[in-house]
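What follows is one structure encoded as structure tokens, with my remarks underneath.
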Amino acid sequence: MSKLKIDNLKFENRDDALGRLMDEILIRHLETKDSIILATSLAGVGFGEKMSKRMNVPLDFLFTMPIYAPLNSECEIAIVSENLDIIMNEALIDSFEITLDYVYGEAKRTYEEDILADIYKFRKGSMISSLSDKDIFIVDQGVETGLTMNVAIQTCIAKGAKSIYVATPVIAQNVASSLSEICDEVISVFRPDHFVCTDHYYKSLPPMDEEEVENILDRSLKNTITVRNTK
């Protein structure tokens, strides 16, 4: 493949990716009056905040954590959300002969030790916004395996969302097809057949500073409280 073709499959930076994703959203003429932007990774929080400003809708964050195989600390076998929804990679669990008791036990431990700690650190202990009867745009700067998006969709369903859209600049084609079966629509710019990693599709994608993430989520929390108090 020529360098020109490769460059055409890359975003300059987050702003370029956001602009091109917003074009995809706008041409669909979706109703956003009762919408919430739901970020799913700390790396994607800045992306989510800029998207919420462009769409003029609130931003919130769904805390999730991976569950790893007992003998491999880098192999994700499941994801648990702050709502205690769990999505498992059944193929890996079966191949490693991992018991469901292990998965559920690790999910409970991860929730109590890690997710609750992050909720107090980044959201000052507040629970996620009410998603009932809301149009939810679950966003990230890239979607790789789809496990996190899958558990986010399950959480939105459990919390009574009216509609659920996955919005991301780049996502693997097979993952997009799978997620499309359980949400209203997957909105994206690139859908490569052979996905590499999110960083690969950006010419510049500097990591998010932890203090910056805290500031964004703090602003988001204050805006949410203001909206609640004016109702």
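The values are calculated or read from the model by the stated rules, or taken from the named source; none is laboratory data. Because the structure is predicted, anything quoted here is derived from the model rather than measured. For neighbour counting, all protein chains shown are included, and Cβ atoms are generated from backbone atoms with ideal geometry for every residue, glycine included. SASA here: full protein model, heavy atoms, side chains in, ligands and nucleic acids out. Shrake-Rupley method; radii C 1.70, N 1.55, O 1.52, S 1.80 Å.
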Using a cut-off of 14 Å between beta-carbons, work out the net charge of the residues near Gly142 (Lys and Arg +1, Asp and Glu -1, Gly142 not included). +1
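With a sphere of radius 15 Å drawn around the Cβ of Lys162, what net charge do the other residues whose Cβ falls strictly inside it have (Lys, Arg +1; Asp, Glu -1)? All intermediate terms of the calculation are to be shown ahead of the outcome.
Details: positive: Lys33, Lys134, Lys159; negative: Glu31, Asp34, Asp133, Asp135, Asp184, Glu185.
Combined, the nearby Lys, Arg, Asp and Glu give -3.
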Would you mind checking the pairs Lys33/Lys124; Lys50/Lys222; Lys33/Lys121 and listing those with alpha carbons more than 22 angstrom apart? Lys33/Lys124; Lys33/Lys121
When the Cα atoms of segment 51-137 are enclosed in a convex hull and the volume is divided per residue, what value in Å³ results? 128
Counting only protein heavy atoms with a 1.4 Å probe and every protein chain in place, the carbon and sulfur fraction of the accessible surface of segment 88-231 in whole percent equals 48
Using the heavy atoms of the protein chains alone and a 1.4 angstrom probe, what is the accessible area of segment 125-231 per residue in square angstrom? 48
Have a look at segment 140-184 and give its Rg and Dmax from the Cα atoms, expressed in angstrom. 10.0, 28
Rg (Å, one decimal) plus Dmax (Å, integer) for the alpha carbons of segment 63-110? 9.7, 28
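Relative to the compact-globule scaling 2.2 N^0.38 Å, provide the ratio for the alpha-carbon radius of gyration of segment 74-204. Provide the component values of the computation, followed by the final result.
Numbers: Rg = 15.7 Å, N = 131, 2.2 N^0.38 = 14.0 Å.
With N residues counted in segment 74-204, Rg over 2.2 N^0.38 Å equals 1.12.
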Can you list the aspartates and glutamates whose alpha carbon sits under 19 Å from that of Lys203, skipping same-chain ones fewer than 8 residues off? Asp7, Glu12, Asp15, Asp16, Asp140, Glu144
One checks the Cα atoms of the chain and finds Rg and Dmax, in Å, of 17.6, 55
When all protein chains stay in place, what accessible area (Å², nearest 10, 1.4 Å probe) is found for Asp209? 80
So what does Ser177 come to for accessible area, using a 1.4 Å probe and Å² rounded to 10? 60
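Would you work out the Kirkwood radius for segment 107-157? I mean one over the mean of 1/r across all pairs of different Cα atoms, in Å. Before the final figure, lay out each step's value.
Values: mean 1/r = 0.0782 Å⁻¹.
By the Kirkwood definition, the hydrodynamic radius is 12.8 Å.
Could you give the dipole magnitude of segment 1-146 about its Cα centre, charging the beta-carbon of Lys and Arg +1 and that of Asp and Glu -1, in debye to the nearest 20? Could you put the intermediate results ahead of the total?
Numbers: 16 positive and 27 negative charges, 156 e Å.
Dipole of segment 1-146, to the nearest 20 debye: 760 debye.
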If I take the Cα coordinates of segment 165-228 and project them onto the principal axes, what are the three extents in Å, biggest first? 42, 30, 14
Equivalent-ellipsoid semi-axes (√(5λ), Cα gyration tensor) for segment 1-88, whole Å, largest first? 29, 23, 11
Val189 accessible area, nearest 10 Å², 1.4 Å probe? 40
At a threshold of 8 angstrom on Cα-Cα distance, excluding pairs fewer than six apart, so keeping six or more, what relative contact order does segment 11-155 reach in percent? 30
